[in-house]
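Notes follow once the structure below has been shown.
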Amino acid sequence: MSQRIRIAYLLDSIDDPTRGTVNHVRRLTHTLDRHEFFPHVLVMNDHVEDQRLQGFTCRVERLGYQVGKPWAIVRARLRLQRYLREHRCDVVCAYDRMARIAGLPIVRSVHDGLCIGVARDMGQDLNPDDLLRLRRSNEHVHRFVASSAAVANRLMRQEKVFRDWIDIIPEATLLDDGPLRTEESYVEARHSFGFSIYEPVVLVYGAFAPWTDRTMLFEALELLVEHHANLRFVMMGRGSWDTIASVRAEAEQRALERQIVIADDPQLFDRWILAANVGITASLYEGATDVLLRFMAIGLPVVATSSGDNTEIVSHGQTGYLVPPREADALAMRIHLLLVANDLERDFIAAARASVNNEFSDALEARRFSDYFRSLVYSQVQGFERIA
């Protein structure tokens, strides 16, 4: 083993700066002690703009995979194989679908260190072929790390991973990265988007994802506009043009086009948090989401569906509100309360920031991963046996 523990993070892509996995890896490359750890990032997708690399403080190697081009996966595997032979790693952490399916067999063929499979989502878009290939790739993994209990259960249910092989390290967020929501920043952000302080703004992240209940959102909005005529629903997140067009069409059909704002620039995410009055997620199924943590860290009151491990992040009635999935009236009522009760909003903001600081901070995440990597690597040096 080298003097410092060399860790390679293998991802499909880093082209979306708001993606949870990208933020997670960026946090670790920032916060792990460089005297003890030497991180580098391997990206399967070759088409990564240079500006996307600026958030990483370590080496980023692009492997050349392109979707829809079979020859490209061969090139990516050869580059990965060559890189690992030239740069010995103690730990390789494989995220994302292609990184695990295409990358892990190559990693095991040339790499005598630890292979860690990392799962951070609920596998919503996995088809039967992908599941079969993931199960095969799992044979090359020593351990799995899940970001929540819900994700761990998904690994057991879908990928048939034994519970004893899974370790859970909770999601986190950066506390000192970005602005804090204050009265001054709130007004400034409002003006930058052309809103007055008399227009309530509700920020919906992940609005175009297949696991978001948009019917629930529209029905809640219909109830809310009866009491808040100037209300704006700002919808953000990745989505196809067809999905966004269908949202616009439904808004027109319900006569809500004036209330709906489509925000398609992920770079403005933090500024929208500053400008909003309430942040919500309306997912039908969810792993631990860093979006809720980002809302809470910056100082935005939250309302979330009680799905997945949202219940582990939000303490109902203390740091935010939880509502049952598909219950639009409950969602509308909780949003209305936060819009009209300033004292309640302030209490939630203070409690939420304290919760993030004590339980979900980037510093705590770094300590957990440092201890985790250290224990696995030292155990391997002393005769650690692969259990997968």
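Every read-out reported here was derived from the displayed coordinates using simple, explicitly stated rules and does not represent laboratory data. This structure is a prediction, so every number in the text was calculated from the model and none was measured. Positions of Cβ are generated from backbone atoms using ideal geometry, with glycine treated the same way; all protein chains shown enter the neighbour counts.
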For the range 57-63, just list the computed ³J(HN,Hα) in residue order, Karplus coefficients 6.51, -1.76 and 1.60, θ = phi - 60°, integers in Hz, with x standing in for Gly and Pro.
9, 9, 5, 10, 10, 9, 9
Which angle between 0 and 90 degrees, to the nearest 10, do you get for helix 183-193 versus the longest principal axis of the chain when only C-alpha atoms count?
90
Nearest 10, in degrees from 0 to 90: the angle of helix 342-359 to the longest Cα principal axis of the chain is 10
Could you give P(r) for the chain, binned at 20 Å from zero, as whole percent values over all Cα-Cα pairs?
27, 55, 18, 0
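What does the charge count near Q3 come to, summing +1 for each Lys or Arg and -1 for each Asp or Glu among other residues with Cβ under 14 Å from its Cβ?
Values: positive: R4, R6, R34, R88, R374; negative: D33, E36, D90.
After counting each charged neighbour, the total is +2.
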If packing is taken as the average number of other Cβ atoms within 10 Å across a peptide's residues, how do 327-333, 190-196, 88-94 rank, most packed first?
88-94, 327-333, 190-196
In degrees between 0 and 90, to the nearest 10, how far off the longest principal axis of the chain does helix 70-86 point, with axes built from Cα atoms?
60
Estimated 222 nm signal from helices in the chain, with DSSP H stretches of n ≥ 4 weighted -39500 (n - 2.57), rounded to 500
-13000 deg cm²/dmol
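Provide the packing ranking of 301-311, 118-128, i.e. peptides ordered by the mean count of other C-beta atoms within 10 Å per residue, highest first.
Details: 301-311: 24.0, 118-128: 17.4.
Listed from highest to lowest mean packing, they are 301-311, 118-128.
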Given H placed 1.01 Å from N in the peptide plane, which residues other than close sequence neighbours of L42 have an amide H under 5 Å from its amide H?
Y9, L10, L11, E61
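Of the listed peptides 269-276, 150-157, what is their order by residue-averaged count of other C-beta atoms within 10 Å, with the highest listed first?
Details: 269-276: 22.4, 150-157: 19.4.
By packing density, highest mean first, the sequence is 269-276, 150-157.
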Total charge dipole magnitude, the chain, about the Cα centre, Cβ charges on Lys, Arg, Asp, Glu only, Debye to nearest 20:
1740
Non-local residues with an amide H under 5 Å from the amide H of F56, with H modelled 1.01 Å from N and Pro and chain starts lacking one, are none
With the dipole of the chain worked out from charges on the C-beta (+1 for Lys and Arg, -1 for Asp and Glu) around the Cα centre, which of W241, I260, M122 lies farthest toward the positive end?
M122
What is the gain in length, in nm to one decimal, between I262 and N342 on full extension, counting 0.36 nm per residue of separation less the C-alpha to C-alpha distance?
26.1 nm
